[in-house]
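What follows is calculated from the coordinates using simple rules that are stated; it is not laboratory data. Because the structure is predicted, anything quoted here is derived from the model rather than measured. With ideal geometry, Cβ positions are generated from the backbone for all residues, glycine too; neighbour counts draw on all protein chains shown.
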Amino acid sequence: MAAQNGRDLLLKLDPLETGSFVTVAGLRTRRLALNASSVDITSSDSAGRWRELLAQAGTRTASLAGSGLFRDQDSDAKVREVFFQGQICPWQVIIPDFGVLEGPFQVTALEYGGRHDGEISFEMALESAGELSFTADA
């Protein structure tokens, strides 16, 4: 895989859950973390007393944190509404030349900032709230 522009990562939101995603933000800085907890099933009968884990038993989570600029006032308003209502909505995280992560997320943090001589920027965090799918780019 060739090097990629970090600026190309996009967030899309489907606030009405109609299957129609709208681009709300391009992220300038971001962190996407996929995690899976493990379930330890080690017992006194474990070979050599090595730890044993139960396959496919742990909880999987995804979290996304990033900052950037909203696409427009409409996008900003949609994300604010989702945050203040505590909604869990379908989101897509578009990672160019890699794939699309899609599923239900909740906005868990939303911050605004800006310099006196610049644009208003945001920072936000999303936490997975259900089953996610990943579709690799062909």
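Some observations on this one:
- GNM remark for the chain: springs join alpha carbons under 10 Å apart, and the peak mean-square fluctuation among T23, T108, T59 falls on T59.
- Amide N proximity, region 59-77 versus L110 label position 7 Å along Cα-to-Cβ, cut-off under 20 Å: 63-77
- Relative contact order %, the chain, counting alpha carbon pairs below 8 Å whose residues are six or more apart: 24 percent
- Applying a DSSP loop filter and a limit of 11 other Cβ atoms within 10 Å to the trypsin sites (Lys or Arg not before Pro) in region 74-138 leaves R115.
- Where only DSSP H runs of four or more residues are counted, the chain gives -3000 deg cm²/dmol as its mean residue ellipticity at 222 nm, each run worth -39500 (n - 2.57).
- Listed residues F84, F122, F21, most fluctuating in the chain (Gaussian network, C-alpha, under 10 Å): F84
- Restricting the GluC sites (Glu not before Pro) of region 18-126 to loop positions (DSSP other than H, G, I, E, B) with no more than 11 neighbouring Cβ atoms within 10 Å leaves E119.
- For Cα Rg over 2.2 N^0.38 Å, computed directly from the structure shown, the correct entry in (1) 0.97; (2) 2.22; (3) 1.29 is (3).
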